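Working notes, beginning with the structure itself.
The values are calculated or read from the model by the stated rules, or taken from the named source; none is laboratory data. As the structure is a computational prediction, the values presented were derived from the model and not from experiment. FYI the Cβ positions are ideal-geometry reconstructions off the backbone, even for glycines, and counts take in every protein chain you see. Remember, those area values only see protein heavy atoms, side chains included, never the ligands or the DNA or RNA. Shrake-Rupley method; radii C 1.70, N 1.55, O 1.52, S 1.80 Å.
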Amino acid sequence: MDYRTFMEQVTEKVNQMSSADKTDFLLNLLRLTPEVKREKILQLMTDDTSSFEQQFQEYQDYLAKLEDKEFHFTAEDEEIYDEFDWEPDYQVILINSENVGKTLTEILDFAKQLVYQKHYHAACALYIRCLGLQFLTYDKEIGDQYEYYLGELIQEGVVDDDNSSVITHLLYAIYQTTKDTTELVKTFYHYLATPTNQEVKIADIFTVGPESLEQSEEFLFDWINFLKLNPSPLADRLLLDAVRTSSYFKQADHLFTLAQETAATHPYLYLECIHLFSSQNAPEKALEVGKDGLEKIPLHNKVRSQIAEKVVYLAKQFNDDSVFHAATQDTFYSDPCLDNLFPVLKLDLSQQEQEKLLRFVQNDHSVTNQVVLLFFLGQFEAVYKNISSDHHALGWSKSNKGVIIPLLLLLLRPMQYSKAAKALMADINFRISSHQLDVFEDEFIYWKSSVFLPEKNKAQYLNWCKKEIEKRGKELIVTKFRHHYHRMAALIVTLGEAEENNGVMGARAQIIQSYRKKHSRKRNFTAELDKLI
């Protein structure tokens, strides 16, 4: 149940109670208060202005002294060792010798009490001052100094509070003390723009304090109008949060209108609108929204690809083949990755569509993994010419050669899988796809079944792979790069399987025996070979 509904129902029930019933109900509710919160409850029930003013002034004076202090903490460098590295990293440890962190924790706790006692101006003053302070730390070992702000001290565990709680209570108090909506909107954006405040939700601000915030829906309209003109990831997140909070935009038609207005700057609203219509059991409207998004959102926006995925799903529900066909291609054109290419390759593409797809991969600036995509588009000769000029025996994990040679071997070997093929598949899947391994294997098998490779090319590519693997084995095994032995073993065994599949009888056993004999003293390497037999 959301806050607004809850408060409406609670208010209605309280108004129906007699004075005696209210007293009994309140006492019974207070009996459930945990021990750690009892003192705060009593403070909330005490409206004594003088009881907080002295403490407030003492904290203000303390913060003033902190502003003039040269250093607030000292630091030590702690060595952090990774199991794979010989050289350590260093982590800065703050030394809180003067209990600055403890006092700041007390001040923040006091500011929160002031919020619940409705002393909003005083709470704002403390919160804003704490957040504006720059805390300097001196590292004696290296003679350097570091700067921290309150949010970072909380993250380091020096101050015992929560960033979201601090900002939520501050913005609640600011809302209660600011009449100018324009100023209020800018202030909200200022505090919510900090990376440490990513978890703060508008709904939390509206519900955290002792009394409901007036004209919250009107504020949300101004807040949304401000955000929709700001084309940034931060505004994306805040706008999505705002429309989820607003009762007006819980009506999907209203949200659709806003999505159309902001298609170029905030396309996430289309996804939200599709989800809203779907949750209201209106898939026809969801499909209409998705199709509209594909028309209005710029091609090179990856959110458009996500919308296209939704359209593909909905079009399948309605057996709309033409929309399904077009949207499947849109998932790739807006996010040209291998995962999105596989579904396109299953379509019955026209000659014109095939040519468009190839031109896009060859020429579009948004394509980042061009060589791999060209391989799966069957452009083997172009890929071979590109990669065969790379004569490095090592460094495969950072080069296209380290992907293309395994892919060629998997293409040239038999359909049925072996331990070596599975290991090789897992290794390259990590680099070129986000699919789970079993899904990627299925996609690869389907693609492989549709590929035609001339015999002369098979021999040419197989011979090239063999030479490159021999050069890599000579360098890698002899120089004892043990953490790559399992990859080397998988390449060798899969090479043997590919040779057998292309007419070389007993090639798998022969190549395994050859490498075992050549590197018999490298027991870690031969052990990796044994795992694949």
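Assorted remarks:
- Compared with the alpha-carbon gap, the fully stretched path from residue 347 to residue 257 is longer by 29.1 nm at 0.36 nm per residue.
- Value of relative contact order over the chain, rounded to a whole percent, pairs C-alpha under 8 Å and six or more apart: 6 percent
- Computed label-point distance, nm, for sites residue 354 and residue 229 using a 7 Å Cα→Cβ extension: 5.2 nm
- Using only side-chain charges placed at the Cβ, +1 for Lys and Arg and -1 for Asp and Glu, the dipole size of the stretch 346-386 relative to its Cα centre rounds to 100 debye.
- Dipole of the stretch 388-434, positive end: most advanced residue of 404, 420, 389 [Cβ charges, Cα centre]: 420
- Option label - Kirkwood radius over Cα pairs in Å computed here, alternatives [x] 29.3; [y] 25.9; [z] 26.6: [x]
- From phi via Karplus (6.51, -1.76, 1.60), per-residue ³J(HN,Hα) for the stretch 58-66 in Hz, x at Gly/Pro: 4, 5, 4, 5, 5, 5, 5, 5, 5
- Separation in nanometres of the label points that stand 7 Å from Cα toward Cβ, at residue 144 and residue 416: 6.0 nm
- Rounded percent of accessible protein surface that carbon and sulfur make up, the chain, 1.4 Å probe: 50 percent
- For the stretch 451-526, the residue among 491, 506, 459 whose Cα projects farthest onto the positive side of the dipole built from Cβ charges is 491.
- The chain, helix-only ellipticity at 222 nm - DSSP H runs n ≥ 4, -39,500 (n - 2.57), divided by all residues, nearest 500: -20500 deg cm²/dmol
- Subset of 201/250; 474/518; 316/346; 467/518; 398/518; 385/466 violating a 19 Å alpha-carbon distance limit: 398/518
- Selection among 343, 151, 327 by position relative to the dipole of the chain gives 343 as farthest towards the positive end (Cβ unit charges, Cα centre).
- For residue 74, distant residues with modelled amide H under 5 Å away: 95, 97, 138
- Which of 244, 129 is most accessible, then next, and so on - probe 1.4 Å: 244, 129
- 5 angstrom amide H check on residue 393, placed H, neighbours 5+ away: none
- Between the stretch 452-470 and the stretch 503-527, the C-alpha centres lie 20 angstrom from each other.
- For the pair the stretch 413-445 / the stretch 176-190, the C-alpha centres are spaced 54 Å from each other.
- A Cβ-based charge dipole, computed about the Cα centre of the chain with Lys and Arg at +1 and Asp and Glu at -1, lands at about 3580 debye.
- Calculated from backbone phi, Karplus (6.51, -1.76, 1.60) coupling profile of the stretch 411-417 in Hz, x at Gly/Pro: 6, 8, 7, x, 5, 5, 8
- The long axis of helix 216-227 is offset from the longest Cα principal axis of the chain by roughly 40 degrees.
- Residue 102 paired with residue 382, simple spin-label distance in nm, labels 7 Å along Cα-to-beta-carbon: 6.9 nm
- Using only side-chain charges placed at the Cβ, +1 for Lys and Arg and -1 for Asp and Glu, the dipole size of the stretch 290-373 relative to its Cα centre rounds to 160 debye.
- Sorting 400-408, 438-446, 508-516 by their mean Cβ neighbour count within 10 Å, with the most densely packed peptide first, gives 400-408, 508-516, 438-446.
- Given R0 = 56 Å, the distance between the Cβ atoms of residue 368 and residue 21 translates into a calculated FRET efficiency of 0.25.
- Added length on full extension, which subtracts the Cα-Cα distance from 0.36 nm per residue, residue 160 to residue 339: 60.0 nm
- Added length on full extension, which subtracts the Cα-Cα distance from 0.36 nm per residue, residue 32 to residue 524: 170.7 nm
- 3J(HN,Hα) from dihedral phi, the stretch 487-499, Karplus parametrisation 6.51/-1.76/1.60, rounded to Hz, x for glycine, proline: 5, 5, 5, 5, 4, 5, 5, 5, 4, x, 5, 5, 5
- Relative packing of peptides 105-114, 321-330, 178-187 - highest average C-beta neighbours within 10 Å first: 105-114, 321-330, 178-187
- Taking 18 Å as the straight-line reach from the Cα of residue 302, the lysines in range (excluding those fewer than 8 positions away in the same chain) are 291, 310.
- Fraction in percent of alpha-carbon pairs per bin - 5 Å, the stretch 269-368: 2, 14, 24, 23, 19, 10, 5, 2, 0
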